[in-house]
Amino acid sequence: MATIACENQSVQSLIFGPPDLWPRNQDAVCSTREFDAELTLEAYRAGLFPMPISGMRDTAGVTWWSPLERGILEPSRLRVSKSLKKSAKRYRTTIDAAFDRVLAACADPSRPYGWIDAQIRAVYTELHQRGVVHSVECWDAEDRLAGGLYGVSLGGLFAGESMWHDPQHGRDASKVALLRLTEQFSDSHPSLIDVQWLTPHLATLGAQAIPREAYLARLDDLLRAPGPAWGR
């Protein structure tokens with residue numbers, strides 16, 4: 001897959017260039033050797049996110065993606081089935097109570113299509129410490145961490161990065177974490193959960209795919225919107 005090299009500048013428009021110059025036939029926009037917290041925040045504000053190319057974990061640099069068909073979930077349109085409502089009663093949910101554990105579980109290299117490497121963990125840990133990245137945790141009746149998710153919160157936008165559940169003790173736990181996440185944004189308008197790519201599983205929960213251009217057109221309003229109160 002061909003990618004282009006981004007210029008190493010500190011101004012967003014010079015880093016990633018205008019969207020009309022991005023590749024029109026692929027999700028990968030460019031690659032950089034540099035990768036840090038500031039560059040990552042600029043990327044989200046420009047409509048991109050970082051992910052190493054499959055099979056290249058723990059290598060220098062990162063690829064920046066903006067899917068041609070962007071997976072999104074409107075918080076108010078989460079499909080809450082009867083079984084999910086029942087599952088939600090079995091778990092206690094928290095915010096930012098065990099970020100390191102959720103991140104470690106999501107980064108387990110034995111997971112299928114694992115992509116969260118050491119440099120990704122370092123950058124998102126720094127952003128968590130800065131109050132930009134947040135986690136949602138689910139705990140079972142035995143107070144075991146049963147599942148969770150984490151992502152980047154900028155105004156009314158939550159860019160979901162990864163979800164996880166314990167296969168033995170956490171049935172539906174990641175779904176319950178997503179339910180709690182949508183509740184965090186119930187008072188934020190406009191608001192949107194970016195799920196990157198639409199999967200059949202996410203589609204059953206109410207997610208949909210929109211063209212890259214439609215996603216980018218919504219970004220400014222989302223970034224200016226008031227974000228949720230993460231402390232509660």
Q) Only one residue in His201, His189 is in the same structural domain as Lys85 (by TED's automatic domain parsing), at pLDDT below 95 and outside any loop (DSSP other than H, G, I, E, B), so which one is that? A) His201
**Q.** Tally of residues being surrounded by fewer than 21 Cβ atoms within 10 Å (Cβ to Cβ), under 17 Å from the mean Cα position of the chain (by Cα) and more than 15 Å from Gly227 (Cβ to Cβ) across the stretch 129-161
**A.** 1
Q: For the stretch 59-69, state whether one or more residues are at pLDDT below 90, surrounded by fewer than 18 Cβ atoms within 10 Å (Cβ to Cβ) and not polar (S, T, N, Q).
A: yes
Q: Only residues in the stretch 205-224 that are surrounded by 14 or more Cβ atoms within 10 Å (Cβ to Cβ) and in a helix (DSSP H, G or I) count as the first member; pair them with residues that are at pLDDT 95 or above and of a type in the set (Asp, Glu), Cβ under 8 angstrom, at least 6 apart or cross-chain, and list the lot.
A: Arg212/Glu69; Tyr215/Asp194
Q: Give the residues of the stretch 91-119 that are at pLDDT below 95 and either more than 18 Å from Met163 (Cα to Cα) or part of a strand (DSSP E or B) (or both), sorted by residue number.
A: Gln119
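Does Arg77 meet the test of being farther than 13 Å from Asp166 by Cα and charged (D, E, K, R)?
yes
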Q. When only residues in the stretch 65-79 that are part of a loop (DSSP other than H, G, I, E, B) and of a type outside the set (Lys, Arg) count, which is nearest to Ala46 (Cα to Cα)?
A. Ser66
**Q.** Scope the stretch 107-126; condition surrounded by fewer than 19 Cβ atoms within 10 Å (Cβ to Cβ) and under 16 Å from Asp96 (Cα atoms); matching residues
**A.** Arg121, Thr125, Glu126
Q: Filter the stretch 32-45 down to residues that are buried (at least 20 other Cβ atoms within 10 Å of the Cβ) and aliphatic (A, V, I, L, M), then give me how many there are.
A: 2
Q: Just need a number here: residues in the stretch 180-208 that are within 15 Å of the chain's Cα centre (by Cα) and either farther than 24 Å from Pro228 by Cα or among the aliphatic types (A, V, I, L, M) (or both).
A: 8
(Q) Only one of Arg144, Arg171 is at negative phi and modelled with pLDDT under 95. Can you tell me which? (A) Arg171
Q.
Exactly one condition in (1) without any contact (Cβ under 8 Å) to a residue 40 or more places away in the chain; (2) part of a loop (DSSP other than H, G, I, E, B) is false for Ala122; which is it?
A. (2)
Q) Give me the pairs: first residue in the stretch 14-35 and part of a strand (DSSP E or B), second residue surrounded by 17 or more Cβ atoms within 10 Å (Cβ to Cβ) and among the small types (Gly, Ala, Ser), beta-carbon distance under 8 Å, and six or more apart or on different chains, which are they? A) Val29/Ser66
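The values are calculated or read from the model by the stated rules, or taken from the named source; none is laboratory data. Since this is a predicted model, take the numbers as computed values, not measurements. Because the Cβ atoms are built from the backbone with ideal geometry, glycine has one as well, and the counts that use them run over all protein chains shown.
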